Structures are given as C-alpha cells and as structure tokens.
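The values are calculated or read from the model by the stated rules, or taken from the named source; none is laboratory data. Values in this document were obtained by computation on a predicted structure and should not be read as measured data. Positions of Cβ are backbone-derived with ideal geometry, glycine not excepted, and every protein chain shown enters the neighbour counts.
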Amino acid sequence: MFFKTLVGTISLGVFATAVAQTDISGTWMLNGPGTESEILLTVEGKRLQNDYELLEDDPSLYCTPASSSRIWANPGAPIKIEQTAQSILISYELFDLRREIPLGDESALTDQPSTRNLNGTFFPEMGSSFANYEGKRLIIESRNHAYGYIRTSRGVPQAPSTVAIEVLEVEGDTLHVTHTYIDESIFEKPLVLEYFLRRADEVELNVYDCTEANYNWFDELNAN
Amino acid sequence: MKVKKILLIATLLSAPFLVSAHHSTNANFTQEIISVEGTIERVRFQNPHASVLIKNIDEQGKETFWLIESGARTTLERQGVSLDLLEVGSTVKATGRKGRREFTMYLREIEFEDGTVFVPQPDLN
C-alpha cells in the first residue's frame, strides 16, 4: 500500500504541467561520494543478490550499463544534458550512451528502451523513461527495466517491476540527483540514492569505444 | 509536498557510499598493496580500463602473467596521462592493489630499471 501511495504521489508530480526548462543543461561530472538509504531486500531481492557473482556477472565487463544509477555514479566521465521542447537528451561518455527521454506524462512511455549507444544498441537495463518539470526540478520516471544491478559492487538488483524516479535539481554549480527505486518485490522499502555533480561545461565528451573485458585469454596464459 | 517529505526522510536515513569507476575498482581490488617485477609483454590503452601485461619469472623459472589495470583511457587522456613510457620488453616493478581475480592488480606506480617512477593517477595514491 505504501509503495502504491508513493508511486502515485511521485507520479502526480511527474504529471504536473511543465513550468519551464531548468538550468540543468550543460556538462556535469560526479563530485565526490553520494549517499544511499538503508538497503532492505525482500526474499526475492536477496535471491537475486545471492545469484550475483561480481567477477563474472558485472554488466560493466561487457560494456553494458548495469542500471541508470550505476551510470550516474561514475567518476571521471562527463555527462551532458540537453533540453528541447519535446525531450531531454542525456549523453553519458561512459559506454557512449545516449538517453532520449520524451517530455510528457505516462502516455509518452514506449516499449522501446530510452537508451542506446552510438552503435544503435538499445539497453533495457536503463528502462523506458518519460520526464516532466516540477518547478525548477526535472523529474524522470523509468519503468520496463531489464534485470540489472543498482549497485554492481554488492549486486543490489533491479527487475522488470522496478520503478525508478530521478529528481534533478541545480543548486549553484551543483547538480543534485535523487534516485528513488520502488519495487515491493525486491525492496522492503524504497531505495534512495543521491549523487552530486559539479558543472563542467569546459569538458568535452569523448568517444568511449568500449572494449569488452574478456579475461579468458589471460586465464589461459597462466593455465599453460 | 509529500515528495519533499519522503526525500527529507531519505536524506536523514542515508549513508555515504564511495563511488567507484567501472568496473567497480573498490569491489574488484582489495586494499592490500603488492609489487610484481617482470617484463612488459603488452600495453593496452583502451576503455574501460587501460592495462599492462607483465611476465614474472620466479626463482624456479616458473612464468606467471600479471594483468595490471589502470583507469579508463578517456579519463587518463583528460588528465594528460599517456602510457607511451611503457615499452614492451622493459623490465619494471609494478605496485598496486591486489585484485580479487587471481594475478591482477590495480596500478599505483611502475618503477623502471633506472629508478624513475611512473604514477598514472597520483590522486588515487
């Protein structure tokens, strides 16, 4: 019940009439550690976590984003945000990801993932999103996630039933991102992550051109 | 208003976490500092991790290959770091954080035979 109320409450904000574009446009870089709320997993959440083997299952090894939160929390890789009247484009240098999010209400959602790389590969781990403004805040809601990991270091999972709400707000030269994950099948209570990014408009995004981290050749070297 | 209240509660209950480069450096490498001597076999300047392959030969003549990983190429380039100094065939001593995967390390510094030291990411030391 709490989850439904929470989703409904946040969704009301998402559906609010767009007031104006905010000053989130520009290039941002992660600035120091973030915060996370207590992680309380359900039985199913613990099962998914226990199935995770860091050295084998981390999607990052395969140039795949583990989740949208994992992509925000990457130091040293700039993130560029552009706003138009119809959509938000977030370009992440990491994995050359381009996330195009339509502005509007739930009806703007499509079955297609919102994120692809420069080669055109879509990543359902990032979900399908829509966004709207609430005052000076940009609110992004994402659904239809593929299974993935909100925290790759500890295998904190996400699932197709997971709803994610990202609230972006600029305070001075700091972009504050609050990321709330809601999924009663995985979490006993919503998981809330916060990141802080500094404005870095002088930084250009480079082509990442990720190479999969295949360790088989290395293991074979030492096996011989 | 309710959203604000939820966010406030969440903030009060939240704890700091350390962000880490992908793949998660803090998860994939221990805090134990080790050193390995050997010859450079291969240098890869790429994303998500630049790496140096070093061949170590112990006193019994047994060869062991070590994969010494560093930061992303794009991050290193942005910091003005290149790996041109690391020539294949050079004899070096690499020091860094021992990996959870066998025979891997996260590079802290490489010392050359003439005593000069290469530190790609001083901010991590």
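In the set (1) within 13 Å of B:Asn28 (Cα to Cα); (2) touching a residue at least 60 places away in the same chain (Cβ under 8 Å), B:Arg108 fails one condition alone, (1). Sort out which residues of the range A:126-149 are among the polar types (S, T, N, Q) and buried (at least 20 other Cβ atoms within 10 Å of the Cβ), and write them in order of number. Within the range A:126-149, A:Ser128, A:Ser129, A:Asn132, A:Ser142 qualify.
Of the listed requirements (1) surrounded by fewer than 21 Cβ atoms within 10 Å (Cβ to Cβ); (2) within 14 Å of another protein chain (Cβ to nearest Cβ); (3) polar (S, T, N, Q); (4) outside any helix (DSSP H, G or I), A:Asn222 misses just one: (4).
Please determine, by comparing only the residues of the range A:72-95 that are outside any strand (DSSP E or B) and touching an Asp or Glu at 6+ places or on another chain (Cβ under 7 Å), which one is modelled with the highest pLDDT. Looking at the filtered set, the residue picked out is A:Pro78. Residues being buried (at least 24 other Cβ atoms within 10 Å of the Cβ), touching a residue at least 60 places away in the same chain (Cβ under 8 Å) and either not basic (Lys, Arg) or not in a strand (DSSP E or B) (or both) are entirely absent from the range A:115-125.
Taking each residue of the range A:58-71 that is closer than 11 Å to A:Tyr92 by Cβ and within 9 Å of another protein chain (Cβ to nearest Cβ) and looking for partners that are in a loop (DSSP other than H, G, I, E, B) and modelled with pLDDT under 95 with beta-carbon atoms closer than 7 Å, six or more apart or interchain, yields A:Arg70/A:Thr152.
When restricted to residues that are part of a strand (DSSP E or B) and either more than 14 Å from chain B (Cβ to nearest Cβ) or not hydrophobic (A, V, I, L, M, F, W, C) (or both), the range A:167-203 contains 14.
A quick yes/no check of all residues on (1) small (Gly, Ala, Ser); (2) more than 19 Å from the chain's Cα centre (by Cα); (3) modelled with pLDDT of 95 or more:
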{"position": "A:Pro113", "(1), (2), (3)": "no, no, yes"}
{"position": "A:Glu141", "(1), (2), (3)": "no, no, yes"}
{"position": "A:Tyr147", "(1), (2), (3)": "no, no, yes"}
{"position": "A:Arg154", "(1), (2), (3)": "no, no, no"}
{"position": "A:Glu169", "(1), (2), (3)": "no, no, yes"}
{"position": "A:Phe196", "(1), (2), (3)": "no, no, yes"}
{"position": "A:Glu212", "(1), (2), (3)": "no, yes, no"}
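For A:Thr180, state whether it is among the β-branched types (Val, Ile, Thr), surrounded by fewer than 16 Cβ atoms within 10 Å (Cβ to Cβ) and on the phi < 0 side of the Ramachandran plot. Taking the combined requirement at face value, the residue does not satisfy it.
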